[in-house]
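**Q** Pasting a structure below so you can have a look.
No value in this document is a laboratory result; all are computed from the given coordinates. This one's a predicted model, so the numbers in the text were calculated from it and none came from an experiment. In this analysis, Cβ positions are derived from the backbone assuming ideal geometry, glycine residues included, and neighbour counts consider all displayed protein chains.
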Amino acid sequence: MEAGTSPFAGNRHVQALVIGLIGLGVIWELAAWIVAGSDKTLLSFGTAIVACAIILQILSDWRSGAMVFLIWLVFEDLVRKYLGNSMTVYFTKDFIVGVAYISFLLAKRRQKVETFKVPFLIPLTIFFCFALIQVFNPWTPSVLYGFLGIKLYFYYVPLIFLGYAMLEKPADLDRLLQISLITGIIVAGLGIVQSVVGIDFLNPVDLAPELVELTRLTRRTPISQLDVPVTTSVFVSVGRFSQYLILVWILAMGAQGYLLLSRRRGAKWGFLAIGVVSVAVVITGNRTPVVFVIISALMMTAAFLWGAPWRWGQGHRLVKALRRTIFIGAVALILMVEVYPNVMGAHWAFVSETLAFQGEGSELVSRSWGYPIMNLGLAFQHERWIQGYGTGLNSLGAQYVARFLDQPVPNIGVENGFGMLIVEMGIVAPFLWLYWVGAMMVAAWRVVRQLRQTVYFPIGFAILWNAFVLTILLMHFGIQSYQNFVNNAYMWLLMGVLFRLPKLAQMPQPVLIPRRLRLVPHWGFALGGR
């Protein structure tokens, strides 16, 4: 063999020739379709090309797959609304994250990612095994309901490993927070525009019949008798929009605390998210986000003051962040009232009249305690409350399974999450739920305690609080909050982020420069010493 030649040189020429012939064939077919006027075929072909490109990118980089998944997760409902509630679109997110799982496992085999031992794996596994057994409950109409339930409860659990491995340096955390907050700002902003422009905005005229009732709902204030159109933004229901706003508000408050303490760029996104989401919370036409944002503000304020890094003189920055949060939220609401008084007036009347303590039209006590407890009691009125009727029998999406089986939707649900567990899996299920959730909360709290007096404490506590709200507090009103794929996926991904934060905290942290020296040039420190 001559020097400088390669045995693979001929192969490369053959590969180039094959690729060239394939490209020529594709161009030929595209030209034929265009000439024939086959727009749908061309669109389908283009969509397939984009899908293949995304799949190849995710297989080569699972981190980009996780980011694509998070963005698609939020905007999927908008695509569904304009494509007739397509089930292909509905399962696209599961396909994307499935490819990301495969890519992650391949990277793990090549030892390119770090993993960890989930401290609450045994309790979670016990609950999974019990739910899997209940898939084959003899009283379920079909095991398809059970597989649906397993998907809703557990399909996004592996995101905890992706969230852990995603953070190799603080910049990775910054990027995740900024993408999440910018997405939240866009969604909340579109919701505000919808409340001003009208309910037809983001809701097509030819909406699928099963989505009409969810997206075109109007409520009436009990005292002033004003019509209050609910706001769904990019989602198909006000419930999903409301739960997403709770998540974004908690994440924004934790993110701005972390970014201000660490003096990293991006704190403006946290402040902007607080202002936009505060307005969006009021104009949803739903009381739940208002109540939980207020509770979250009080709880997180107290926690931040407790865990602030006072020992190195930076607690005042966190206090300033909390003060600015309240100020920005108030200013945003005042501006909305001044610019669109009619819109804010009706929505504020609905919130104030229905949440006023012991007011004439107040539903504060009945909806927060009486109604959920009554539904918990209704669970025990079902004939088979001891053994249950089967996993997923009344979960989100059960109507699609019923339509596929050409059966009526099972009418056994109750509006209480723990009661729904009893109906689906029997009396043991709520205790197994509290077992694994309690183990997760204890493990997460231990991590948050480690983060105290560090810049990561605000975001760490925000992740812990979001998980507590989703798995305990919102379960009081229904299991659909946990089954909501947006909040569920974010909870598991962020939980992995939380368990990774102690390692980030062990890395060299930025040296905090006193205010009086921030404008001194770097050569000034070198010449002047201290």
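**Q** Where does the charge balance sit around residue 91 when Lys and Arg score +1, Asp and Glu -1, over other residues with C-beta under 13 Å from its C-beta?
**A** +1
**Q** Let me ask another. Between residue 449 and residue 125, what is the spin-label point distance in nm, taking each point 7 Å from the Cα along the Cα→C-beta axis?
**A** 2.6
**Q** Okay, moving on. Taking a cut-off of 22 Å between Cα atoms, list the lysines near residue 169, but don't count ones fewer than 8 places away on the same chain.
**A** Those lysines meeting the cut-off are 108, 112, 117, 268, 503.
**Q** Is the shape of segment 114-507 rounded, prolate or oblate, going by the alpha carbon gyration tensor and its root eigenvalues a ≥ b ≥ c, with a/c under 1.5 for rounded and a/b larger than b/c for prolate?
**A** oblate
**Q** Taking amide H atoms as placed 1.01 Å from N in the peptide plane, list the residues 5 or more away in sequence, or in a different chain, whose amide H sits under 5 Å from that of residue 228.
**A** Correct list: 219, 220, 221.
**Q** So if each residue of separation counts as 0.36 nm, and I subtract the Cα-Cα distance between residue 199 and residue 368, what length gain in nm does that give?
**A** Fully extending the segment from residue 199 to residue 368 adds 58.1 nm.
**Q** Which of the aspartates and glutamates could a cross-linker bridge to residue 151, judged by Cα under 19 Å and excluding same-chain residues fewer than eight apart?
**A** Cross-link targets: 76, 77, 94, 424.
**Q** How much length is gained on full extension from residue 82 to residue 54, taking 0.36 nm per residue of separation minus their Cα-Cα distance?
**A** 7.9 nm
**Q** What nm value, rounded to one decimal, do you get for the distance between residue 319 and residue 114 when each label is placed 7 Å out toward the C-beta?
**A** Computed distance between label sites residue 319 and residue 114 equals 3.5 nm.
**Q** Which net charge results for the neighbourhood of residue 230, defined as the other residues with beta-carbon distances under 14 angstrom from its beta-carbon, given Lys and Arg at +1 and Asp and Glu at -1?
**A** Overall, the nearby charge balance is +2.
**Q** Then there's this: Exactly which GluC sites (Glu not before Pro) in segment 367-464 are in a DSSP loop and have at most 14 other Cβ atoms within 10 Å?
**A** When the GluC sites (Glu not before Pro) of segment 367-464 are filtered for loop state and at most 14 Cβ neighbours within 10 Å, 383 remain.
**Q** Can you give the net charge of the other residues whose Cβ lies under 15 Å from the Cβ of residue 302, counting K and R as +1 and D and E as -1?
**A** Charge balance near residue 302 sits at +2.
**Q** Using Cβ counts within 10 Å as a stand-in for footprinting exposure, how do 371, 155, 490 rank, fewest first?
**A** 371, 155, 490
**Q** Percent relative contact order of segment 114-507, based on C-alpha pairs within less than 8 angstrom and at least six residues apart?
**A** This gives 26 percent for segment 114-507.
**Q** Between residue 132 and residue 61, what is the label-to-label distance in nm when each label sits 7 Å out along the Cα-to-Cβ direction?
**A** 3.5
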